[in-house]
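The next block holds one structure in the form of structure tokens; read it before the comments.
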Amino acid sequence: MIYKTFRFRTLIYLLPALFIFLTFNVIPGLTSLVLSFFDFSGFETNLFKKFVGIDNFIKIYEDKYFWIALKNTFLFVFGAVFIQTGIALMLSIFIFFGNFKFSVLIRSIIFFPCVLAPVSVGLVWKKILEQDGVLNAILGLDFSWLSSISLVMWLIITVNTWQWIGYNLVIYYAGLQSLNIELLEASDIDGANWSQKIFSIVIPLLWPTTILNMILNLIGGFRAFDIVYVLTRGGPAHYSEVLASYLYYYSFAAGGPNKMGVGASVAFIIFVCILTIAFARIVVMKRVEKN
Amino acid sequence: MFKLFRNFLIALLLTFSFSSIVRSETVIRVVDWQSGVGGITNAYADFIEKFEADHPGTKVEYTQYTVTTYNEFLKPALSSGQGPDVFAVYPGPDVDEVVNAGHLVNLSEAADAEWKGWLGNNINIPELGRNGNLYMAPQDAFTEEIWVYNDMIADLGFELPAFGDSYTVDEWVAIGKAAKAKGLDGLMFGPVESWCVLDGFANFVNQQNNNYPTDVLGQAYDGEISWDQPMFRDALNAYKTLHDNGVWRADSLSMDYQVQAWGKWIDREGVGIYCNGDWFISSAPADYNTPDSLGITMMSYPKISNDSPATYNKATGTNLGVNANSANLDLALEFVKLTNSPWASSTFAGYGQIPANLAAVDMDALAASPNLLFNDGIKMLATEGRNTNIYYSQAEPMKHLYDGIMEMFLGVTSVDEVIEKMNKVTGYSG
């Protein structure tokens, strides 16, 4: 009886959250999936009027900009997962063991961009990277950074890293504070040098924190949109498009193709990517816990 | 628990009843993309004031979005059946989609004789209707053009062309080089918005159109004629010449027109601004447009050669449609009718916005306007010459042409490849 009451009450308490989850996550997600098989411009009241099978998927398969967007998305994810996490790890170790007088201030300064809206960050960096911007003024150049096909994605990655590195750093710092210092003291007695202590003790001990940071950056990387949109709007000529901005272009862009069905199929591909990663995360985390 | 739930429901019901009693007025929602265009905003404030005074108990809620974000609002609103009573639609493919979805009232049937009289010849403008019916009521009109600062042109040692004439591509290259030597740009250009590229292209093609007034670009988009013809090739080459010679800066390719290019032109970083239009008369720098002196010259797109005929891009700007599912259809129609009235046209003009219904306003009075830039805008609209269609429905070929030109700017594709691609995309079979 108690068990039954508990179950009923639990259900009651869960209902609001469940309702919100179903209304704003599950139903729109499923609708979007179904929509990817329909020709829908976005204006029609009847979303599911014209079934086109897998035509939308064929369309993006044949569009070279989709492949550019896919490649850029993976590049962005690579930057977020490896470069951003790597720099955050090095910085956190440097600050933690550096015993700086103003270490709190240093951490606050590095963390500061995280609290800024990505749109503001994008606008500021756009000003910096413009042809008549701050960077060229400092370097004495007249170079168009954001219109360079080969550089534009790396610049976006740099800006993104600059903004979010503080977030990873704070997580690492918490990990470092919970490290068993006795191990380091023991290694001192054994005559280990700094690099041995960092690479053989600290970094391996921080492995669970690293995994956490990598997963957070991985998921964030796949969802990247705002920084790309503000900095380049996917340009020049779609060469800095990521999947989310490519989706937006097909669905909403002024003077764009007006094909929300195609946009939905891109959304489905993003979903599949994230789902795959979510499963991989579970497997990796289980292994980490096991070890 | 039950009592609490019951009391909550009662409170909720009472709140709803009370709010509906308080809000007894009828609300007409009007939405467009003219955020930042002072002339439109000010004119609409007057329209709303008059409309609300003429219709007691009615309130008009006017919301403006930017051009780039407008569809983020409109699409979900219309597809969910929650569309505003009156709304603007981008001319071109969007009109087809919105008309086909049954969202717009057929104004050919709904407009009375007086309204049709005000609209005059505008009724026949293709961008306003589909299938022989009128769906959109035009608000403002413009000539798409290039604006230059007179003093900067003089400083660079060039002469301004006669009114109605324009510089050639080669002249722009020379101006661009002279400007570059002084750390300036020849033209500010914002091609992130596709129309800034496609409309200029349409003008270039029309200059070379031996079958004018036949719309050859429309035929090419439909795959009826080959893209491998001098008029298309020359148009692409004109763009390539302008870009490769640095008439605009390289990082224009990641620049939008409305904010960045315009902002930099206002800051006098460039001599001219490409693909501007009369819609910005009310936003022009005040120092260069005083009743005593006009420091800005407007001209059409670059001429391919000295022999090219005068060719203009004249069109309507914001076009309003009435939601076929509006709960207040009659009032919505009344409001749109008001915006097309002679009084509304004079109001537009008073705020430096060229009204679409020029037939409904006193041209002599307009010519005496203290707004010199506005006067030139009116004059330009009345200038004799070829008129270029800039609104097309062929979304897919337009996308590919835009992408092709942008890639040509980047140097990753050639004129030949763009032409070949366009023939393929449009299905031209030869």
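No lab work stands behind these numbers, since they all come straight from the coordinates. Because the structure is a prediction, the values reported are computed rather than measured. No Cβ is skipped: glycine too gets one built from the backbone with ideal geometry, and neighbour counts run over all protein chains shown.
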Once you list every other residue whose beta carbon is under 11 Å from the beta carbon of A:Asp188, what net charge do they have if Lys and Arg are +1 and Asp and Glu are -1?
-> -2
What residue among B:Gln219, B:Gln258, B:Gln353 shows peak mean-square fluctuation when chain B is described by a Gaussian network model with Cα springs under 10 Å?
-> B:Gln219
Can you give the relative contact order of chain A as a percent, counting alpha carbon pairs under 8 Å and 6+ residues apart?
-> 29 percent
Among B:His243, B:His55, B:His103, which comes first, then next, by fewest other beta-carbon atoms within 10 Å?
-> B:His55, B:His243, B:His103
Return the calculated 222 nm mean residue ellipticity for the protein assembly as shown, to the nearest 500 deg cm²/dmol, obtained by summing -39500 (n - 2.57) across DSSP H runs with n ≥ 4 and dividing by the residue count.
-> -16500 deg cm²/dmol
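Using only C-alpha positions, report the orientation-averaged shadow area of the convex hull of the stretch A:63-258, nm², one decimal.
Values: hull surface 52.9 nm².
The Cα convex hull of the stretch A:63-258, projected and averaged over all directions, gives 13.2 nm².
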Normalising by the residue count of chain B, find the relative contact order in percent from Cα pairs under 8 Å and 6+ residues apart.
-> 26 percent
Efficiency of FRET from Cβ geometry, A:Ser120 and B:Asp287, R₀ 30 Å, rounded to 0.05 = 0.50
How big is the protein assembly as shown by Rg and Dmax over its Cα atoms, in Å?
-> 29.6, 100
Roughly how many Å is it from the Cα centre of the stretch A:203-246 to that of the stretch B:336-357, as a whole number?
-> 48 Å
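Determine the alpha carbon to alpha carbon distance for each of A:Lys126/B:Lys264; A:Lys127/B:Lys182; B:Lys50/B:Lys337; A:Lys59/A:Lys259; A:Lys127/B:Lys264; B:Lys399/B:Lys421 and list only those over 18 Å.
A:Lys127/B:Lys182
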When only C-alpha pairs under 8 Å and at least 6 residues apart count, what is the relative contact order of the stretch A:5-160, in percent?
-> 12 percent
To the nearest 10 degrees, how steep is helix B:38-54 against the longest Cα principal axis of chain B, on a 0 to 90 scale?
-> 30 degrees
Label zone at A:Val34 (point 7 Å along Cα-to-Cβ), backbone N below 17 Å, the stretch B:79-95 | B:79-81
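Just for the protein assembly as shown, what percent of DSSP beta bridges are antiparallel, to the closest 5?
60 percent
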Label point 7 Å beyond Cα of A:Val104 along Cβ direction - residues of the stretch A:168-195 with amide nitrogen under 17 Å | A:170, A:173-174, A:177
Would you mind counting up the charge near B:Asn423? Only other residues with Cβ under 14 Å from its Cβ, with Lys and Arg at +1 and Asp and Glu at -1.
-> -4
Given a Förster radius of 41 Å and the C-beta distance between B:Val412 and B:Ile266 as r, what FRET efficiency does 1/(1 + (r/R0)^6) yield to the nearest 0.05?
-> 0.80
B:Asp244 versus B:Asp170, label points 7 Å from Cα toward the beta carbon: distance in nm?
-> 1.6 nm
Pick from A:Asn193, A:Asn213, A:Asn72: which is most flexible by mean-square fluctuation in a GNM of chain A where alpha carbon atoms under 10 Å apart are linked?
-> A:Asn193
Might you list the cysteines of the protein assembly as shown that have no disulfide-compatible partner by the rule of another cysteine's Cβ under 4.7 Å?
-> A:Cys114, A:Cys273
Work out the length of the dipole vector of the stretch A:63-258 about its Cα centre, built from +1 on the beta-carbon of each Lys and Arg and -1 on the beta-carbon of each Asp and Glu, and round it to the nearest 20 debye.
-> 320 debye
Please identify the GluC sites (Glu not before Pro) of the stretch B:132-223 that satisfy two criteria: DSSP loop assignment and at most 13 other Cβ atoms within 10 Å. Which are they?
-> B:Glu159
Regarding the stretch B:148-187, what whole-number volume in Å³ per residue does the convex hull of its Cα atoms give?
-> 64 Å³
